[in-house]
Amino acid sequence: KNNEIICNVNQCPVPIGGMLSIMRKLKYPEHARLYGLEGDVLLVAKIDTSGKVVSTEIIKKLGLGCEEAAEEAVKQTRFFPGKDK
């Protein structure tokens, strides 16, 4: 919902195709769907100089497989790498 990107370089990495490209790859877990679970998963992703995700860390959990689904969607996404001075 917030679509906020936080980074510690001059120009932040940006998903190729925007945040929508991540959302398209997101596969909502069946158990979460059955229980009507909704909410946000917050994660931090490290992006290398070629725009590939090298690691992720979950900051805010939701449960029922939502964290894994979010991580997988982000890992499948390519980014324009960030740039520093």
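Residue 21 - would you say it is surrounded by 15 or more Cβ atoms within 10 Å (Cβ to Cβ), among the hydroxyl-bearing types (Ser, Thr, Tyr) and outside any loop (DSSP other than H, G, I, E, B)? Walk me through it before giving the result.
Working: surrounded by 15 or more Cβ atoms within 10 Å (Cβ to Cβ): yes; among the hydroxyl-bearing types (Ser, Thr, Tyr): yes; outside any loop (DSSP other than H, G, I, E, B): yes.
In short, yes.
Results for (1) surrounded by 14 or more Cβ atoms within 10 Å (Cβ to Cβ); (2) in contact with a Gly (Cβ under 8 Å, 6 or more places away or on another chain), shown as yes or no for each residue.
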residue	(1), (2)
26	yes, no
45	yes, no
59	no, no
70	yes, no
74	yes, no
78	yes, yes
84	no, no
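Look at (1) among the acidic types (Asp, Glu); (2) at pLDDT below 95; (3) over 11 Å from the mean Cα position of the chain (by Cα) and you find that residue 4 fails only one, number (3). Apart from one condition, residue 35 fits all of (1) open to solvent by 90 Å² or more (accessible area, probe 1.4 Å); (2) within 10 Å of the chain's Cα centre (by Cα); (3) not charged (D, E, K, R); the exception is (2).
Remark: pairs (first residue in the range 55-70, at positive phi; second residue of a type in the set (Ser, Thr, Tyr); Cβ separation under 7 Å; 6+ apart in sequence or on different chains) = 64/35.
Beta carbons closer than 6 Å, at least 6 apart along the sequence or on distinct chains, pair a first residue in the range 25-53 that is touching a residue at least 24 places away in the same chain (Cβ under 8 Å) and in a loop (DSSP other than H, G, I, E, B) with a second that is of a type in the set (D, E, K, R) and surrounded by 11 or more Cβ atoms within 10 Å (Cβ to Cβ) for 41/67; 51/78.
The values are calculated or read from the model by the stated rules, or taken from the named source; none is laboratory data. Computed from a predicted structure; not experimentally measured. Ideal geometry is used to build each Cβ from the backbone, glycine not excepted, and the neighbour counts take in all protein chains shown. For the accessible areas, the whole protein counts, side chains as well, though only heavy atoms, and no ligand, DNA or RNA atoms are used. Shrake-Rupley method; radii C 1.70, N 1.55, O 1.52, S 1.80 Å.
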